[in-house]
1. Where the centroid of each part is defined by its Cα atoms, how far is the range 213-257 from the range 65-112 in Å?
2. Gap in Å between the Cα centre of the range 164-178 and the Cα centre of the range 280-328?
3. Just to confirm a number: summing +1 for Lys and Arg and -1 for Asp and Glu over residues other than residue 236 whose beta-carbon lies under 14 angstrom from that of residue 236, what do you get?
4. Return the distance in nm (one decimal) between the two label points of a simple spin-label model at residue 232 and residue 138, each offset 7 Å from Cα along Cα→Cβ.
5. Counting only the backbone N, which residues of the range 306-328 are under 18 Å from the spot 7 Å out from the Cα of residue 358 toward its beta-carbon?
6. Could you point to the label whose value was computed as Kirkwood radius over Cα pairs in Å for the structure here, given [x] 26.0; [y] 28.7; [z] 21.2?
7. In nm, to one decimal, how far is the modelled label at residue 345 from the one at residue 122, with both set 7 Å along Cα→Cβ?
8. Note down the net charge around residue 205, summing +1 for each Lys or Arg and -1 for each Asp or Glu among other residues with Cβ under 14 Å from its Cβ.
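Just so it is clear, none of the values below were taken in a lab; they were calculated from the coordinates. Small disclaimer: the values here were computed from a predicted structure and weren't measured. For neighbour counting, all protein chains shown are included, and Cβ atoms are generated from backbone atoms with ideal geometry for every residue, glycine included.
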Amino acid sequence: MNKLIYSIAIIGLFAACSSSENPTSDENNVSTSSLIEVSNAQFEANQLSLASPQTQAFTSTIKCTGKVDVPPEFMASISTYYQGYVKGIKLIEGEFVTKGQLLFVLENPEYLQMQQDFLEAKEQLAYLKSEYDRQKTLANENISAQKNYLKAKSDYGVTSTRYEALKKKLSLMGISTASLDNSNLHSSIRITAPISGYVSSINVSQGKVLSPNEVALIITNTEHLHVEIMVFEKDILKVVKGQKIHYKFAGSSKELGGEVYLVSRAVTQGAGAISVHGHIDNSDELKNMYPGMFVEAEIITEANNELGVPESSVIEIEGKFYVLRLKEKNAKSYNFEKKEVTILDKSNGYVHLEGIKEEDQVLSKGAFDLITE
């Protein structure tokens, strides 16, 4: 460590003695210029390095925030058509359930009455159908009064409608009417999962009366998570489908990728922003994501290939930016020119400078010590 400090001190002293301030103005927007000479031995001892401009993709981005969300079709709110007492619920939040799996049972004596009404309507329907056919035949042969035929037709129609309505109701309860008879009436119904996913919310407990307007629990399928990003109105015209999105979770430095899939056509009232739906590139990341998680995002709206040098090449002093450009290299030393530069863009650790040329070389490591001495 002492050797390194001593070497830097020698460079600083040597540079101070060898530099000559020659303010100039040229086509590269240089306001000050000076020469700094570094011997080959000093260059190697302090592990200095040069960098040549390389073509890099410099991007224009829109910074925004959002959250992880799930499409409505992959989220299910579990409720019931008919009131009942909750039985047999053994779920906990975060548990995975498969489509068709039993969630809990609802019990209510009124279910028996509905099945009884159905069976009675079924029996009546057979008799009324026979009576209707008989009265129709008699009426056609003018043997029976027309009013008897109309009465039989009405009774049959009313009972048929009641039968079909009860059949639909029992179907909604999950009770099969095909095998239903007096020996297998049900006082309870089974509530099963309509989709596969994780139980994200439970609002019932054993013995609770669940009403038709209540949500018992919510199941969320996380296989199709996406990011929902809010973009301000002033920037929304720059956003189109297919643009790349870089995002990360709050408190995390890991950057993830995605792309714009859909831009909403409505402004969120009070926020002055428009929702942008973004798909996630790597499906393996979904296991680490949860609906509602906050994200910080950048939408890449434009990308241009330009010459760039490493950010370490550019030194800021009192609001101005400088580089050490190699002026000459001979057998004994490196001669650098201190130049003030204008930064046009930054991206991925590289800086695009006004007037930079492909044949230029700049000091990429150690520039700070030499310029500030």
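1. Going from one Cα centre to the other spans 26 Å.
2. Using only Cα atoms, the two centres lie 61 Å from each other.
3. Residues close to residue 236 contribute a combined charge of +3.
4. Between residue 232 and residue 138, the simple spin-label model gives 8.6 nm.
5. Residues passing the 18 Å test: 306-310.
6. Recomputing Kirkwood radius over Cα pairs in Å here gives the entry labelled [y].
7. 7.4
8. +1
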